[in-house]
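**Student:** Quick one: the structure is below, and I'll ask about it shortly.
The values are calculated or read from the model by the stated rules, or taken from the named source; none is laboratory data. Quick caveat: nothing in here was measured; it's all calculated off a predicted structure. All Cβ positions, glycine included, derive from the backbone under ideal geometry; neighbour counts span all protein chains shown. Accessible surface areas use protein heavy atoms only, side chains included; no ligands, DNA or RNA. Shrake-Rupley method; radii C 1.70, N 1.55, O 1.52, S 1.80 Å.
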Amino acid sequence: MSPSSARPTREELLASVDRTLDDVVAPGLRVLFCGINPGLWSAWSGHHFARPGNRFWPALHRSGFTPQQLAPHEQAELLGLGLGVTNVVARATAAAAELSAAELRAGRTRLEATVRAHRPSTLAVLGVTAYRTAFERPRAALGPQLDHTIGTTRVWVLPNPSGLNAHHTPAGLAALFAELRAAVDGPAGP
């Protein structure tokens, strides 16, 4: 079975609670994408945004960040494209709603340390509600956060790409990712 077709059992998913994933990060990235926290499927597989139906990988490709749609097990290829992935909170849960406001704020401290150490051009936080809570910016909206940087790193907020987020269609999500790509790379790309 290939990594993309393997399916965990219920017991394997439950055993994945509180596991962590390694960041996919290197110095000087164009964009460091930041999820809220790993889901159980991702923790089980060891790969970011691994649950079938998550729209991160399709949005990344459709927006022009990647030349083809990568599968979660190909996440290391992001580094060669100047992209990376991390999370606000490191531990896996069945749903982001299981995270407390205090845990999101504590995750911000870890995230800021990661950003300061690796200095990506842009940090893209995937989830406006989590961003508002973690960074204590209750009025934040999607898009560039013109009044917020971490060191020299610009901050941009995108929708949560979970398939459970019905507020954005796949095409709409890709368009918002494309706005970030154009801001980072210019309309012609990297």
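**Student:** With a 1.4 Å probe and every protein chain left in place, tell me how much accessible area R132 has, in Å² to the nearest 10.
**Tutor:** 80
**Student:** Please give the FRET efficiency for N165 paired with A101, using the beta carbon to beta carbon distance and R0 = 22 Å, rounded to the nearest 0.05.
**Tutor:** Efficiency, from the Cβ-Cβ distance: 0.65.
**Student:** If you consider only alpha-carbon coordinates, what radius of gyration and Dmax does the stretch 94-190 have, in Å?
**Tutor:** 13.8, 41
**Student:** Right, something else. Solvent-accessible area per residue for the stretch 84-190 at a 1.4 Å probe radius, Å²?
**Tutor:** 47
**Student:** What whole-number distance in Å separates the alpha-carbon centres of the stretch 143-190 and the stretch 1-76?
**Tutor:** Cα centroid of the stretch 143-190 versus Cα centroid of the stretch 1-76: 18 Å apart.
**Student:** Identify the residues of the stretch 12-32 with backbone N under 20 Å of a label point that sits 7 angstrom from the Cα of A183 along the Cα-to-Cβ direction, or state none.
**Tutor:** Residues passing the 20 Å test: 28-32.
**Student:** Among the DSSP beta bridges whose two residues both lie in the chain, what percent are antiparallel, rounded to the nearest 5?
**Tutor:** Restricted to the chain, the bridges split so that about 30 percent are antiparallel.
**Student:** Okay, moving on. Restricted to Cα positions, what overall size does the chain have along the principal axes? Three whole-Å values, descending.
**Tutor:** Reported extents, whole Å, longest axis first: 44, 38, 32.
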